[in-house]
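Worksheet: the structure to be examined is printed underneath.
The values are calculated or read from the model by the stated rules, or taken from the named source; none is laboratory data. The structure displayed is predicted, hence computed values, not measured ones. We place every Cβ from the backbone using ideal geometry, glycine too, and count neighbours over all the protein chains shown. Calculation scope for accessible area: heavy atoms of the full protein, side chains included, ligands and nucleic acids excluded. Shrake-Rupley method; radii C 1.70, N 1.55, O 1.52, S 1.80 Å.
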Amino acid sequence: MRSGLVTVTESWPEFASLCFKDRRWWWADVAAAGTRLVAFQSPSSIPPAPLNKGFCPFSLLLHHKSLSNLIEKEYVSSEGLRLDGRGPSEMRQLQAEIGVVAKVDGSAMFEMGNTKVTAAVYGPREVQNRSQQITDQAPVRCEYSMANFSIGDRMRKPKVDRRSTEVSLVISQTMEACILTNLMPRSQIDIFVQVLQADGGTRSACINAATLALADVGIPMRDIVTSCSAGYLNSIPLLDSAGGPDVTVGILPTLDKVTLLQMDAKLPTNTFEDVMQLATEGCKAVANSIREVLLENTKQLECRRGS
């Protein structure tokens, strides 16, 4: 087998399962040889000449929706299960930890399945740029980044990363909705989030990690803010990292207010309502998980003081 060869299989479901699991489909090229489907890690790995008679390589677009459209019918089985075995309303496993970074005011790690992110918070602290100082509130700044190894293969960072800029702004605005910035005038709060491992739902995971990091600092908030996504595929609403049109929602669960709503595609009104309801339920489930982590952390602090 040639260097760079990922798999040789005879069925779309098996091929799709491997691609979705390893996220190689972000940059994969596919070659068809009879009934075989051969995936290569990069275009340069495709042989310059046919491997055998009838072998005809072709390339897919380097966008996940290209492959999703081809395997859409196989993404949800006839039993209603997804490729990873989850049901339509089932979330990935959640894990979280507070205080993972020592030399910051507050930090946290949040995992949603194989997606893993860290968040670090500095502040409230003195405004570094006096011209940006606000007399009646504290501005919230966020910096989002992805580790070079987060998608399984080292990626090159562009000079101007528009996606990182956009996600940073989204997280900043979402966190401003829950922080009582009026109690901290003439100061600033800086949030740094980094994706260590990307497997879908990174935006939601970063918001959830930032919430825990803010709580670790003790910054006053109206309510915790949690985020989750939901989608719609083959007439089935899917919670948490679906394969079709996707909706990302952020809410204040106790106040029952929406702080974030992003859509990647158009949805009919009745479909949107179902997806929105499912995403909201996912946000509330994340909120319960975060509260458990905070309660456990409080118990540990009380034990340390007692000892």
Those residues of the range 252-276 which are in contact with an Asp or Glu (Cβ under 8 Å, 6 or more places away or on another chain) and over 16 Å from VAL286 (Cα atoms), in sequence order: MET263, ASP264, ALA265
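Restricting attention to the range 87-128, which residues are of a type in the set (Lys, Arg) and either touching a residue at least 12 places away in the same chain (Cβ under 8 Å) or not in a loop (DSSP other than H, G, I, E, B) (or both)? Outline the logic, then answer.
From the range 87-128, those of a type in the set (Lys, Arg) are 92, 103, 116, 125; that's our starting set.
Once the filter is applied, which keeps residues that are of a type in the set (Lys, Arg) and either touching a residue at least 12 places away in the same chain (Cβ under 8 Å) or not in a loop (DSSP other than H, G, I, E, B) (or both), the range 87-128 yields ARG92, LYS116, ARG125.
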Selection within the range 164-196 - in a strand (DSSP E or B) and among the aliphatic types (A, V, I, L, M): ILE179, ILE189, ILE191, VAL193, VAL195, LEU196
Test result for GLU296, in a helix (DSSP H, G or I), open to solvent by 100 Å² or more (accessible area, probe 1.4 Å), modelled with pLDDT of 90 or more and of a type outside the set (Gly, Ala, Ser): no
Any hit, the range 271-283, residues being open to solvent by 40 Å² or more (accessible area, probe 1.4 Å), aliphatic (A, V, I, L, M) and under 20 Å from SER89 (Cβ atoms): no
Where ASP240 falls short, out of the listed (1) on the phi > 0 side of the Ramachandran plot; (2) open to solvent by 20 Å² or more (accessible area, probe 1.4 Å): (2)
Candidate set: the range 215-227, residues that are out of contact with any strand residue (DSSP E or B) (no Cβ under 6 Å at 6 or more places or on another chain) and outside any loop (DSSP other than H, G, I, E, B); chosen: the one least open to solvent (accessible area, probe 1.4 Å): THR226
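So, in the range 156-176, of the ones that are exposed (fewer than 15 other Cβ atoms within 10 Å of the Cβ) and either among the aliphatic types (A, V, I, L, M) or modelled with pLDDT of 90 or more (or both), which residue ends up farthest from the chain's Cα centre (by Cα)? Spell out the reasoning first.
Keep residues of the range 156-176 that are exposed (fewer than 15 other Cβ atoms within 10 Å of the Cβ), which gives 156-163, 165-166, 169, 173.
Imposing the further condition that a residue be either among the aliphatic types (A, V, I, L, M) or modelled with pLDDT of 90 or more (or both) reduces the set to 160, 165-166, 169, 173.
Working: VAL160: 21, THR165: 15, GLU166: 14, LEU169: 15, GLN173: 17 Å.
Here the answer is VAL160.
With respect to LEU233, is the statement that it is of a type outside the set (Asp, Glu), more than 17 Å from ILE171 (Cα to Cα), touching a residue at least 60 places away in the same chain (Cβ under 8 Å) and surrounded by 24 or more Cβ atoms within 10 Å (Cβ to Cβ) true? Break it down into steps so the answer makes sense when it comes.
On the way: of a type outside the set (Asp, Glu): yes; more than 17 Å from ILE171 (Cα to Cα): yes; touching a residue at least 60 places away in the same chain (Cβ under 8 Å): yes; surrounded by 24 or more Cβ atoms within 10 Å (Cβ to Cβ): no.
So LEU233 does not fit the description; no.
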One residue from ASP264, ASP256 being at positive phi and open to solvent by 50 Å² or more (accessible area, probe 1.4 Å): ASP256
Hits in the range 79-138 (condition: exposed (fewer than 13 other Cβ atoms within 10 Å of the Cβ) and basic (Lys, Arg)): LYS103, ARG130
Complete set of residues in the range 197-213 that are touching a strand residue (DSSP E or B) at 6+ places or on another chain (Cβ under 6 Å) and either modelled with pLDDT of 95 or more or open to solvent by less than 10 Å² (accessible area, probe 1.4 Å) (or both): SER204, ALA205, CYS206, ILE207, ASN208, ALA209, ALA210, LEU212, ALA213
